[in-house]
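Read-outs: derived from the displayed coordinates by stated rules, not from any lab. What you see is a predicted model; the values in this text were computed from it and never measured.
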Amino acid sequence: MSQIFRFNYLKKFTLFLLPFIFITTFSFANEPSAEAFIVKLSNEAKTIVNNKALDEQSRLKKIEELCTAYIDLDKLANYTLGDFKDKITATQKENFNKLFKQYFVKSISLKLNDFADQELKIKDSKKVSDVNIVVNSSIFSKKDGQELMVDWRIYFNGSSLKVLDLVVEGLSLARTQKEEFASILASKSFDELIKILQTKNSTK
């Protein structure tokens, strides 16, 4: 079962980890509020990573607070269920969203330090609809010299901004997660998916 949730560096974990890469260079922004939003997110993530006084539980709590503030976890969770979200009850959906959030936060906490050497350069940004902004960027790894093109998809609602998805080298990572869950649900029940998430969340 664990293989189902094993994300590789480029296609999977980047969705969970890129919000914590430290932005080092800026361009003139078409949507300055969106870029400022990412800068603030990254600075707060850097504070958590560098705070050696935090124990494991305190660190996990800080990361959870950061995720809740900057990422729309409910929208992301609902998206990953696809059309199946309309086939479950409100209680089931609430339970799934809670487990998804726990899994999401745990994944970040386990892998965050592995990506501490990466730098991100914002290229530009644009508003693609009344409620959606795309910030174009590239990330560079000092460790292996690899550079990736990354588009941040941000949801805008009045004064509120939330990260919804990242597109890495043309690959939507939210869609990739959606396909993972669809693969499970094609042969297993929703309750079995819930059990898989519960097992992953309880594993140290």
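Going through the cross-link list LYS87/LYS162; LYS52/LYS178; LYS52/LYS85; LYS52/LYS98; LYS93/LYS142; LYS121/LYS162, which pairs have a Cα-Cα distance over 30 Å in this structure? Pairs exceeding 30 Å: LYS52/LYS178; LYS52/LYS85; LYS93/LYS142. 3J(HN,Hα) along the stretch 41-52, derived from phi through the Karplus expression 6.51 cos²θ - 1.76 cosθ + 1.60 where θ = phi - 60°, amounts to 4, 5, 5, 5, 5, 4, 4, 5, 4, 7, 7, 6 Hz, with x in place of Gly and Pro.
Amide H to amide H, with H built 1.01 Å from N, ASP124 comes under 5 Å of ASN136, counting only residues 5 or more places away or on other chains.
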